Amino acid sequence: MKKTMVMALVVLLCGFAGHALAQNKQIKAGFIYVGPVGDAGYTFAHDQGRQEMEKLPFTEPSTYIESVPGGAEAERVINGLVRRNHNLIFTTSFGHMDPTINVAARNKEVVFMHASGYKTAENVGTYFGRMYEPRYLSGMIAGKMTNKNIIGYVAAFPIPEVIRGINAFTLGVRSVNPDAQVRVVWTQTWFDPGVERDAADSLLDVGADVLAMHQDTPATLQAAEARGAYVIGYNSDNRRFAPNAFLTAPIWNWAPLYTYVAEAVHSGTWVSEQFWWGMDKDLVRLASLSDRIPTDVKILVNQRAEEIKAGTFHPFSGPIKNRDGQKVIDAGQTMSDPDLLSMNFFVEGVQGTLSN
Amino acid sequence: MKLVIERRDTSSPLLRFGAPVVSIVIALFFAGALLLLAGVSPLEAYREILYEAVGSLYGLSETLVKATPLILSGLAVSLAFRMQIWNIGAEGQIYMGAMGATWVALFSGMENHWLLMVGMFSAAFICGGLWAGVAGLLRARWSVNEVIVTLMMNYIAILFINYLIYGPWRDPQGFNFPLTAQFAEAARFANFFDTRLHSGFLLALGCALILYLFMERTIWGYQIKVIGSNPQAARYAGMRTGASVFWVLFLSGAIAGIAGFSEVAGLQYRLQHGLSPGYGYTAIIIAWLARRSALGVVIVSLLMGILLVGGDSLQMLWQLPIAFVYAFQGLILFFLLGSDFFIQYRLKLVKGIHHG
């Protein structure tokens with residue numbers, strides 16, 4: 001009897017010891033990027049977050065692999081990181097979703113975090129940011145700064161994330177300037193400066209005096225700077241490419257999330273979750289506003305930003321009409337997350353089609 | 001004294017096999033200098049590249065996975081090259097083949113594995129074949145340059161695939177992302193050794209063998225060569241050159257179509273962007289280096305696979321930028337293609353003879 005109890009105690013203690021060991025896991029993180037770290041945009045922003053995360057005391061030097069396209073190629077690269085003993089892997093583009101899930105199924109001891117997708121598993125969580133919040137704010141600025149009431153939007157691919165950005169931006173524009181139109185041109189690229197420059201120029205040619213964009217290169221900024229228009233950047237604070245034209249940019253700040261996840265994995269509290277953080281957690285924000293923006297506009301935008309952070313204002317709250325004038329969201333209603341994530345319509349005020 | 005370029009009447013086997021080997025050594029030497037500049041020991045890097053690509057069952061399987069679409073599209077292009085028909089459109093034909101296979105997998109209602117395999121194969125064969133056949137018909141009937149037609153049809157093919165995955169074929173459960181639904185298990189290839197190596201590799205080897213026998217052992221194969229090297233003589237000998245042009249392009253496209261089938265059934269299990277990261281263009285280099293021989297295509301594709309898969313290790317171990325990997329691969333191709341020149345021509349120093 002006594003013996004059994006001692007045995008039980010020993011087993012219990014061993015269990016605790018084992019647990020404690022698992023709790024203080026050294027983190028060796030790997031990152032899969034869709035573009036080059038020097039893109040001055042999306043991938044650059046992720047890499048800033050990676051470097052911040054690396055400052056945590058329990059992390060070993062992390063590894064990143066750049067310009068990994070989606071699809072079959074990505075699976076091999078992710079597997080390569082696993083085989084080189086990485087125990088926390090971030091995959092940062094939608095096209096990495098299936099490969100992440102496939103590799104994760106064979107490597108249960110590794111934690112995977114995939115940005116912008118919808119598939120999860122026991123050891124795969126997802127993360128992204130509510131970029132539509134600062135997008136809306138940047139739209140307010142564009143609506144105030146346009147003289148011709150024509151705003152150009154150089155859009156990437158017609159996927160929900162991009163459409164959501166265009167809509168939030170347009171709602172922001174129309175909240176301060178109901179007469180303004182947002183004209184959309186699709187480039188079908190994430191990273192092609194030539195194509196994006198042409199698209200931006202074509203919008204300037206039809207009279208747009210403020211441009212916004214969604215790609216990972218500064219081509220649109222350079223186009224606006226060259227033609228004396230205003231521009232709203234994206235991804236990271238890229239004002240050095242357009243010192244005169246730059247107004248602000250909705251930007252990513254991945255450090256809080258990367259640090260949070262690394263700490264959770266380190267302490268053994270990580271479970272598969274779908275993070276969709278917003279301005280309240282500072283995952284997305286507005287780059288500091290240009291001095292060309294009048295003070296009253298700055299105050300207006302800052303007020304809205306505080307309301308968004310406090311949760312008292314949601315950019316997609318009704319009434320919202322689609323481009324054909326049909327009501328999509330009633331007054332007093334707010335769009336649900338699933339609807340936001342699968343968004344496939346344009347709001348009133350957007351000129352353009354959902355196809356290319 | 002002056003340097004002249006002179007065509008060789010014959011090239012010895014020693015030269016034909018020696019020149020590529022020497023050129024690879026020269027390329028490795030130059031790439032090694034780059035590596036040294038980046039602070040990486042070249043010998044160690046080359047050992048890692050080889051180890052990554054062929055040093056383990058896993059690495060080898062990944063190299064074969066990578067080589068599979070290259071072999072098939074390389075065969076496709078080299079078949080046409082035999083007849084001096086320049087099929088630059090393998091890329092589009094791969095996509096059309098994948099489209100045909102996807103249609104059968106998702107919408108034909110078939111559920112039996114072997115029926116599906118035969119159905120998907122046939123659909124890919126026909127779709128790829130007809131796509132290239134258009135160029136064949138135009139060339140045979142009206143002597144329209146097939147280089148332009150096949151090249152331009154790549155863009156049409158990819159845009160058409162875009163239309164399908166953004167529109168009617170979009171996965172209803174996919175949150176409006178541009179992907180088709182995933183194939184059922186019955187519409188997928190078998191995998192070997194618990195790796196990603198799939199039946200598509202055997203299919204590729206089978207195609208290589210059949211093409212080899214066809215080209216070297218049949219009258220038709222002989223005719224193709226004759227028509228290619230001397231169309232007038234061929235016509236004089238009573239060969240139907242017009243029909244041959246059409247059927248060679250049809251077959252060429254059909255084989256590229258099989259590459260698309262193999263990629264969707266063996267790896268991706270759905271139709272999506274980036275199905276082929278330029279295999280159809282790499283195929284042109286492969287066919288050239290392989291001197292239009294089926295066996296050569298297999299060998300060059302395997303080498304290319306090693307280069308592409310091994311390149312991962314440069315990023316993973318030393319965090320060299322992707323641009324370095326591209327430069328490394330580019331150097332090797334540059335010198336290999338350069339060696340081709342020296343096999344066909346020789347440089348000769350001639351004592352200067354001045355004629356007035």
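A few remarks follow.
- Per-residue Cβ neighbour rank within 10 angstrom, fewest leading, B:Leu179, B:Leu79, B:Leu209, B:Leu320: B:Leu209, B:Leu320, B:Leu179, B:Leu79
- More than 29 Å apart - percent of Cα-Cα pairs taken over segment B:55-307: 28 percent
- Of all lysines in the structure, those lying under 26 Å Cα to Cα from B:Lys348, and not within fewer than 8 positions of it along the same chain, are B:Lys2.
- Under a model in which nothing but the beta-carbon of Lys, Arg (+1) and Asp, Glu (-1) is charged, chain A shows a dipole of about 780 debye around its Cα centre.
- Average projected area [Cα convex hull, segment A:75-136], square nanometres: 4.3 nm²
- Residues in segment A:317-329 carry Karplus couplings, in order, of 10, x, x, 10, 10, 7, 5, 8, x, 7, 6, 9, 10 Hz; the curve used is 6.51 cos²θ - 1.76 cosθ + 1.60 with θ = phi - 60°, and Gly or Pro positions show x.
- Coil-residue GluC sites (Glu not before Pro) of segment A:254-356, DSSP, other Cβ within 10 Å capped at 14: A:Glu273
- Potential lengthening between B:Ala243 and B:Met1 on full extension [0.36 nm per residue; Cα-Cα distance subtracted]: 82.0 nm
- Across segment A:51-60, coupling constants 3J(HN,Hα) worked out from phi with the 6.51/-1.76/1.60 Karplus curve, θ = phi - 60°, read 5, 5, 4, 5, 6, 4, x, 9, 9, 8 Hz, and Gly and Pro carry x.
- For chain B: relative contact order, % (alpha-carbon pairs under 8 angstrom, 6 or more apart): 37 percent
- Label-to-label distance, nm, for residues given as A:Phe345 and A:Ser272 (7 Å Cα→Cβ offset): 3.3 nm
- Beyond 25 Å in Cα-Cα separation lie the following of the pairs A:Lys144/A:Lys309; A:Lys148/A:Lys321; A:Lys55/A:Lys309; A:Lys144/A:Lys321: A:Lys55/A:Lys309.
- Charge tally around A:Val68: other residues with Cβ under 11 Å, Lys/Arg +1 each, Asp/Glu -1 each, net -3.
- Residues B:Leu14, B:Leu130 arranged by fewest to most Cβ contacts within 10 Å: B:Leu14, B:Leu130
- Neighbour-count ranking [beta-carbon atoms within 10 angstrom, fewest first] of B:Lys66, A:Lys25: A:Lys25, B:Lys66
- On the principal axes of its alpha carbon atoms, segment B:79-176 extends 46, 31, 19 Å, with the longest extent given first.
- The loop-placed GluC sites (Glu not before Pro) in segment A:48-133, going by DSSP, that have at most 12 neighbouring Cβ atoms within 10 Å of their Cβ come out as A:Glu109, A:Glu122.
- For B:Phe192 and B:Leu57, the difference between the fully extended length at 0.36 nm per residue and the C-alpha to C-alpha distance is 47.5 nm.
- Each Lys and Arg adds +1 at its Cβ and each Asp and Glu adds -1 at its Cβ; summed about the Cα centre, the protein assembly as shown shows a dipole of about 1840 debye.
- Mean Cα-pair separation over length for segment A:68-214, i.e. relative contact order, pairs under 8 Å, 6 or more apart, %: 20 percent
- Placing unit charges on the Cβ atoms only, positive for Lys and Arg and negative for Asp and Glu, gives segment B:55-307 a dipole magnitude near 800 debye about its Cα centre.
- At an R0 of 25 angstrom, the distance between the Cβ atoms of B:Glu185 and A:Lys108 translates into a FRET efficiency of 0.70.
- Principal axes of the protein assembly as shown: Cα extent on each, largest first, Å: 86, 85, 67
- Square roots of 5 times each gyration tensor eigenvalue, C-alpha, segment B:66-135, largest first, Å: 25, 13, 9
- Between B:Phe341 and B:Phe17, the modelled labels are 2.6 nm apart [label points 7 Å from Cα along Cα→Cβ].
- Segment A:146-292: radius of gyration over Cα atoms, expressed as a fraction of 2.2 N^0.38 Å: 1.15
- One chain, two ends: A:Phe58 and A:Lys327. Fully extended at 0.36 nm per residue, the span grows by 91.7 nm beyond their Cα-Cα distance.
None of the figures in this text is laboratory data; all of them are computed from the coordinates on show. Predicted model only: the values in this text are computed from it and were never measured. Note: ideal-geometry Cβ built from the backbone for every residue, glycine included; neighbour counts use all protein chains shown.
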